[in-house]
Each structure stands twice: as structure tokens, then as C-alpha cells.
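Notes for the one structure printed next.
Values in this text are rule-based calculations from the coordinates and carry no lab data. What you see is a predicted model; the values in this text were computed from it and never measured. Cβ placement follows ideal geometry from the backbone for every residue including glycine, while neighbour counts extend to all protein chains displayed.
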Amino acid sequence: MRWLICATLVTVSDILFDSSFFAGNRERLRQLFTGTAPIVITSNGLLQQASDEPYPFHQDRNFWYLTGIDDPSIILVMDKGKEYLIVPPREVVREQFDGAIDFENLSRISGIQTIYYEKDGWKQLESRLKKVQHVATLGANPAYIDFLGMYTNPARAELINRMKGINPAMELLDLRTHLSRMRMVKQDVELEAIQKAIDITIDTIKEITRPKQLAKYAYEYEIEADLTRGFRRRGASGLMGHAFAPIVASGKRACTLHHMHNNAPLASGDLMVMDVGAGADFYASDITRTVVLGDKVTKRQQAVYDAVLEAQQYAFSLLKPGVNLRDYERQMEEFIGEKLRELGLIKTIERESVRFYFPHATSHFLGLDTHDAGDYDHPLEPGVVLAVEPGIYIPDEAIGVRIEDNVVITEDGCRVLSERLPRSLV
């Protein structure tokens, strides 16, 4: 029986990417890995939200990068120049609700011609796993990440347990570093998708922050609603068009970095931080602007804003091929520390005192994920895309300022992809 997951179906014609992109990524992985062990990688699985309802599905970005498939519980096998997919069976009743899988569509998207249902696919894979000493896969994260306070998708762990059950002596080779290095440097088609997401975000922010329009909003959630409308209307993809949950935070709430309730009233004279980004063709944008509500800016607000803007300009000047991001972050900490001293917030530039007012990193990789895969110990190369987001947060004064733009590393520096969005406070 053939089945198709209608809710998550994406055809090649819907996006910028064709099967050659995914086939090329698989070939690059083979060349980077160099080993002879079979490569076995799983997509994410569905997670229960309530009763018989799953959470909105979010694909494992490494699996998508290699296949282009946005469906759950599918396994990719690459072995001795051969490659195939294993797809799960589905109960008849569920098939009636969600549809049947279309093998031709999976092949058209991925460029993989051989597809098995689970029983036949695992029979073939099992016979191979019994004979090998190693298998390459993506290591599983802990079931629960204390620092983030969240549970992880169990698909990778389930795959590893199943393979180890077949051959307990088999050693696993982790491909996460290989794929991080691959995804770190963007190809032209990826840059096109990122630019599309950025342009949607810019046009929507411009629309919302026009003085007459901004004056109409009474609550943070009204801005969030118009962000969603603007993203969707301009062709954004992802959950409601957003690459991540939007942050609309005014007044003291702007000092909470991931304030996502977006439910408070807006007050004239407050600063408001909008940290938002549209998604397009599976790629993310991530832009932050701080604006004043009303038409009056205090000298203190302007001074803090100018300090953050200077920090961002300094960051742009540092970013170029060969730079190590950890060294760059130390330079940024020192620079912002000096700005904090000029603002009278600290007396000496020490890490603890600086990090009280500037608690996050300046930059992160951007791509398929908002905080994308990448090696922070590997020197920057042309094609790397970064978010650049210095900030200063003063809870006692209800002042929070963050300015964020997206850049791509070039042969001799960096180019700001979001340059056409103004960086003014009013």
C-alpha cells in the first residue's frame, strides 16, 4: 500500500532546491567521512501534544539537508555507493485521516530511487549491520537537556538502540561534526533562501514600525499578530511563517532575553525590542530592532542605543575569513565593557560585571536553524552566515536594547544581508 503524509508534503517545485542539492550533500558527506562503514540517519518522529494530536512536526535539519524530505520516522541508509530510504507502515485508519505516502514524490525530492517499507528495509539493513564493526550515524542528545530545560526528540536514540540490538559489539561513529562543518558554509542556493527570509522580515518590520502604524498598537500581541500576517502574506514558510517564536518586548520586559508571552500593554516612552525572523524554504532569518514607543527619546535611552550600535559596527569590522569566533567574542566583551563603563554602569571591565548587562553572545550561525549548526572553534570562511546581535540590558532603568543583523562572510570581510532595514531608534 502506498501512502502520502499530506500535512507535511513539500514538492520540489515549492522550494528553491532540487534533488541535485541533496544528492550533492550526500556525496560531500561521503567524501568528508572517508570511511567504509554504512551511514544510517533518521528523521525526527512525531511527538504527542494531547490525546491523539501531535505537536507541529519539525524535521531534523541534518536529515532534511541530506534528503529534502519533511516527513517523520523515515531512515536514510548510505552504504557502499548504494542508498535507500526506509519508511514506516501506517494503520489503515490513520491513512484515511492523513493520507498515504507517495514513493515517487520522495524520490523526486531526494533523488533516491530505492525506497522500502519498514519490514523489507530493516531486513536488508539488519543483514548488513550483523557483518560490520562500525556504523556512522548522528549521535543522540540526552533525553533531557538541563541547561535548556527541555526534552529532546527520541528518534536518534531509538535508531541507535535498535541498531545496537542487532549487533551489540558494533561501534558507532558520530557524524555531527562532519555535518556541522558542511552546513556552516552556505552554498549559493542556501544564501538565496536566507536572503528571501530576510527580505520578508525587513518588509514586514518596515510596515509595522511606520510611525502612524506603530501608534495604533496597544498591546505586544497586536504587533505579533501583524508580524504573522505580514510574513504569511509575503510567502514565508514554517510555523505560521516564523523561523522561531517571535519576541515583542517593551519596557522592562525587553531585559528578559526570550520574553515570548507578548501579552503586555504598550506604554508611550518605553523602548520596545522586536526579535523576529521569517522562514523561507526551510531557512531562517533573525533580525532585531529596538524602537521607541511615541516620539520622545530620553538622553539615557539614546546613549544606551548608540553604545549598542557602535558595538555592532565594531563587530562588523572584525568579521572576516580566518577569525575564530571565540576570540571575536572576547574582543566584543571587552568593547562592550568599555561602553558600559562610559555609561556609568560598571567601574572596571570584568567578565562578571560585563555579563550582567550583556549576558549573551554577539553572534551565532544562521541557516536551517536560527541557531544553526557550526563549529565555533573552526576559523570563519567565505559563505558562513552569522547573526550579529550585541545588546545592553538595564533592568533597574527598564531599558533593554538589542540590534541584530544577518551577515555573510566574504573574501575580505563581511556583507550585511539585512542592510536595507534602517537602524534608527525612531
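A few remarks follow.
- Top of PRO211, PRO395, PRO54 by mean-square fluctuation, Gaussian network on the chain, Cα under 10 Å: PRO54
- When DSSP beta bridges are restricted to pairs lying wholly in segment 6-182, around 60% turn out antiparallel.
- Candidate lysines - alpha carbon under 23 Å from LYS347, same-chain residues fewer than 8 apart omitted: LYS299, LYS339
- Computed about the Cα centre, the dipole magnitude for segment 185-416 is approximately 960 debye when only Lys and Arg (+1) and Asp and Glu (-1) carry charge, each at its Cβ.
- Given their separation in residues at 0.36 nm each and the Cα-Cα distance between them, GLU381 and LYS119 gain 89.9 nm when the chain is fully extended.
- Among beta bridges identified by DSSP and lying wholly in the chain, the antiparallel ones come to about 85 percent.
- Each Cα pair under 8 Å and six or more residues apart adds its separation to the average, and for segment 185-416 the resulting relative contact order is 22 percent.
- Cα-Cα pairs of segment 185-416 separated by more than 30 Å (percent): 24 percent
- Most mobile listed residue (GLY121, GLY81, GLY238) in the chain, GNM with C-alpha springs under 10 Å: GLY81
- Against the main long axis of the alpha-carbon atoms of the chain, helix 299-318 sits at an angle near 40°.
- Per-selection Kirkwood Rh - segment 132-245 (Cα, Å, 1 d.p.): 18.2 Å
- Dmax and Rg, reported as Rg then Dmax, of segment 6-182 (C-alpha, Å): 16.2, 45
- 21 Å Cα-Cα reach of LYS296 towards lysines, excluding residues that sit fewer than 8 places from it in its own chain: LYS206, LYS212, LYS216, LYS252
- For the options MET240, MET184, MET272, a Gaussian network treatment of the chain with springs between C-alpha atoms closer than 10 Å singles out MET240 as fluctuating the most.
- Label-to-label distance, nm, for residues given as HIS134 and ARG28 (7 Å Cα→Cβ offset): 2.2 nm
- Sequence-separation-based contact order of segment 6-182, relative, with Cα cut under 8 Å and 6+ spacing, percent: 25 percent
- Computed over the chain, relative contact order equals 14 percent, with contacts defined as Cα pairs under 8 Å that lie 6+ residues apart.
- Between the amide H of VAL384 and those of LYS186, ILE409, distances stay under 5 Å, these residues lying 5 or more places away or on another chain, with hydrogens modeled in the peptide plane.
- Using a Förster distance of 60 Å, the FRET efficiency for LEU239-THR348 (Cβ separation, nearest 0.05): 0.85
- Of all aspartates and glutamates in the structure, the ones whose alpha carbon falls short of 15 Å from that of LYS130, not counting any fewer than 8 places away in one chain, are ASP79, GLU171.
- Per-pair calculated FRET efficiency, R0 = 35 Å: LEU191 and ASP306 via Cβ, rounded to 0.05: 0.65
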